[in-house]
């Protein structure tokens, strides 16, 4: 199944069922909002599946992903991992941090969840001095998950896969990181691609609770990276179990992969500017690529090998707050 | 004004206006929930004030604070500061962290906000091996606060003052802290005292955006600490402005002071066990007080010097999840 949320004036918007090719959509009859669907997923999924079949058969109306809100315009919880090791290694270079011992547990922080920006809207920032950067990620959304759920149980609660742009302020990030408290100022609200999909929509490309597809990233419409999502050191099942160790996860909790990154970054490129700067430090002794400026745009898109769009295109523009 | 939320089967409960002496309460007519009141605070406050006068004049019904939920049983955002320097100094001892340079900015992390536990309920934990500890704090709740609000504007958005028990798992905390990502597993859902109050209810004891009153803490009903809330290095206005630097704060965002702690900890005691352990390390070379075990209870209460109860009593019991 594929879902989008269209604006209706309410903070959670109006849930729509979207056709596999993202060309048609119909307001979901089974649930008013995606949050409501997630709160009663097991009971509602069969009805939503029938609605999905109808829209795939030509029902509904034309769908314009650029008009969508984030599939969950707000969520009760957003926990972001950092599961790609080549990303962590490069970030240590950029931030001038000592290379840390490999942590036996997943890395994860809690970020702002009350706002996920629309996929084709503006992202407001105070100052370009803060080092404005994008981070292309995959994420999953769970339904209600009990405290201390193990990895096997955790996997069963993964209901949707999403694609996220985790905006990051790179000048502020190492300052906050050194306190040990994690990021607040360095992590403004994320953007989210317009369509959330059930894992089965990825077919064989949902593998070991990872998205085995390249995340195509553009900066001002020029190709910037196409790293594959499979290289996560921990799968989303591990990330959910980690998050649930001492807290139940409410329905609609979103968990991110961290910036998608591959060891082959010199050929596949990167999903954030900071990584490119890390590569420049390695190869040329210093970072040369500047962070974003007002008016810049980042694009992200994922397709199956046969061209089928998955999450729809995200294209966010950096504007002055 | 004073507010409590009583259970009605819905996740946000039912807002009640509570008399100054916490003896009487009536369902609020102006707003169904505290979240709804905060989303329209300026318009609703005069009506709520009239309802508050009525309940102070003997209206409503008897109020039992032990039956209340947290005033906000869930919130879109919970950001916790660490504004008491003597707490930070002692925690560095306990965690074996190097003494850090004094940070020019407030310390703050984002914690789980989708659940605030009831003040007189059980708090579930997986294992006593994790170092179960309480943290007595003050907190404030804002209405909608724009991105990049300065300190003066920030202060105007502080609508309510609350008292929080920030449950902490001390064995997990330093592991997560060393990653720089902040805490996820080490910070399960907090408890909140039953009554939220407008700052004017504190009279002269709301001073420089700080609560100038002792927080009385008991462990298994024995006095444990009575540190005063005024010693914050940054006031709540600073904390709100810090939080809002790169994000708008939605109505109902809760910001905590961090564990209330005074330099005179040897006489006033502490608001968490870890601090006592830090003092033991300083004075006796090693920590001697063990963390909590299943069945233990922590109590917290604040009164004005004339005995008027402020937030009502919190008493949470540690149970096996």
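Entry remark, segment B:257-291: residues being in a loop (DSSP other than H, G, I, E, B) and within 22 Å of the chain's Cα centre (by Cα) number 12 in total.
Of the residues A:129, A:143, the single one that is within 13 Å of chain B (Cβ to nearest Cβ) and either in contact with a strand residue (DSSP E or B) (Cβ under 6 Å, 6 or more places away or on another chain) or at pLDDT 95 or above (or both) is A:129.
Restricting attention to segment A:168-180, the residues that are within 9 Å of chain B (Cβ to nearest Cβ), part of a loop (DSSP other than H, G, I, E, B) and on the phi < 0 side of the Ramachandran plot total 1. Within this structure, residue A:303 fails the test of being touching a residue at least 60 places away in the same chain (Cβ under 8 Å) and within 23 Å of residue A:109 (Cβ to Cβ). Of the residues making up segment A:106-129, none is without any contact (Cβ under 8 Å) to a residue 24 or more places away in the chain and closer than 23 Å to residue A:195 by Cα. So which residues in segment A:63-87 are in contact with a strand residue (DSSP E or B) (Cβ under 8 Å, 6 or more places away or on another chain), closer than 21 Å to residue A:38 by Cβ and either within 14 Å of chain B (Cβ to nearest Cβ) or modelled with pLDDT under 95 (or both), if there are any at all? Across segment A:63-87, the qualifying residues are A:72, A:73, A:75, A:77, A:78, A:79, A:80, A:81. Which residue is surrounded by the most Cβ atoms within 10 Å (Cβ to Cβ), if the candidates are limited to segment A:306-321 and must be part of a loop (DSSP other than H, G, I, E, B) and in contact (Cβ under 8 Å) with a residue 24 or more places away in the chain? Only one residue tops the list, namely A:311. Against the test of being in contact with a strand residue (DSSP E or B) (Cβ under 9 Å, 6 or more places away or on another chain), more than 14 Å from chain B (Cβ to nearest Cβ) and under 22 Å from residue A:114 (Cβ atoms), the options A:165, A:220, A:216 yield a single qualifying residue, A:165. Residue count for segment B:229-243 under the criterion of being within 14 Å of chain A (Cβ to nearest Cβ), over 8 Å from residue B:151 (Cα atoms) and buried (at least 24 other Cβ atoms within 10 Å of the Cβ): the result is 2. Scanning segment B:1-26 for residues that are surrounded by fewer than 21 Cβ atoms within 10 Å (Cβ to Cβ), outside any loop (DSSP other than H, G, I, E, B) and touching a residue at least 60 places away in the same chain (Cβ under 8 Å) returns a single hit, B:6. Output yes when any residue across segment A:189-206 is assigned to a loop (DSSP other than H, G, I, E, B), within 14 Å of chain B (Cβ to nearest Cβ), touching a residue at least 60 places away in the same chain (Cβ under 8 Å) and within 17 Å of the chain's Cα centre (by Cα), and no when none is. Looking for residues that are assigned to a loop (DSSP other than H, G, I, E, B), within 14 Å of chain B (Cβ to nearest Cβ), touching a residue at least 60 places away in the same chain (Cβ under 8 Å) and within 17 Å of the chain's Cα centre (by Cα), one finds at least one in segment A:189-206, hence yes. Would you check which residues across segment B:106-126 are in contact with a helix residue (DSSP H, G or I) (Cβ under 8 Å, 6 or more places away or on another chain) and facing chain A (nearest Cβ under 7 Å) and list them? Within segment B:106-126, B:107, B:108 meet the criteria. Evaluating residue B:246 against the criteria (1) assigned to a loop (DSSP other than H, G, I, E, B); (2) more than 14 Å from chain A (Cβ to nearest Cβ) leaves one unmet condition, (2). Being more than 23 Å from the chain's Cα centre (by Cα), more than 14 Å from residue B:197 (Cβ to Cβ) and at pLDDT 95 or above is the requirement here; does residue B:36 meet it? In short, no.
So residue A:57 passes all but one of these: (1) more than 12 Å from chain B (Cβ to nearest Cβ); (2) within 29 Å of residue A:277 (Cα to Cα); (3) modelled with pLDDT of 95 or more. Which condition number does it fail? For residue A:57, the exception is condition (2). Applying the condition of being in contact (Cβ under 8 Å) with a residue 12 or more places away in the chain and surrounded by 21 or more Cβ atoms within 10 Å (Cβ to Cβ) to segment B:173-183 and asking which residue is farthest from residue B:15 (Cα to Cα) yields B:173. For segment B:88-103, state whether one or more residues are within 14 Å of chain A (Cβ to nearest Cβ), closer than 22 Å to residue B:239 by Cα, in contact with a helix residue (DSSP H, G or I) (Cβ under 8 Å, 6 or more places away or on another chain) and modelled with pLDDT of 95 or more. The answer is no, given that none of the residues of segment B:88-103 is within 14 Å of chain A (Cβ to nearest Cβ), closer than 22 Å to residue B:239 by Cα, in contact with a helix residue (DSSP H, G or I) (Cβ under 8 Å, 6 or more places away or on another chain) and modelled with pLDDT of 95 or more. Select from segment B:273-293 the residues that are under 19 Å from residue B:124 (Cα atoms), surrounded by 14 or more Cβ atoms within 10 Å (Cβ to Cβ) and touching a helix residue (DSSP H, G or I) at 6+ places or on another chain (Cβ under 8 Å) and list them in ascending order. Selection gives B:291, B:292. So is residue B:158 surrounded by fewer than 24 Cβ atoms within 10 Å (Cβ to Cβ), modelled with pLDDT of 95 or more, closer than 23 Å to residue B:251 by Cβ and more than 11 Å from chain A (Cβ to nearest Cβ) or not? Taking the combined requirement at face value, the residue satisfies it. When we screen B:278, B:252, B:269 for residues that are out of contact with any strand residue (DSSP E or B) (no Cβ under 6 Å at 6 or more places or on another chain) and over 21 Å from residue B:197 (Cβ atoms), the only hit is B:278. Take the conditions (1) within 22 Å of residue B:140 (Cβ to Cβ); (2) more than 8 Å from every other protein chain (Cβ to nearest Cβ); (3) in contact with a helix residue (DSSP H, G or I) (Cβ under 7 Å, 6 or more places away or on another chain); residue B:183 misses just one of them, which is (2).
Filtering segment B:27-44 to residues that are part of a helix (DSSP H, G or I) and either touching a helix residue (DSSP H, G or I) at 6+ places or on another chain (Cβ under 8 Å) or crowded, with 16+ Cβ neighbours inside 10 Å (or both) leaves B:34, B:35, B:36, B:37, B:38, B:39, B:41, B:44.
The values are calculated or read from the model by the stated rules, or taken from the named source; none is laboratory data. All of these numbers come straight from a predicted model, not from anything done at the bench. Every residue, glycine as well, gets a Cβ built from its backbone with ideal geometry; the counts of neighbours run over all protein chains shown.
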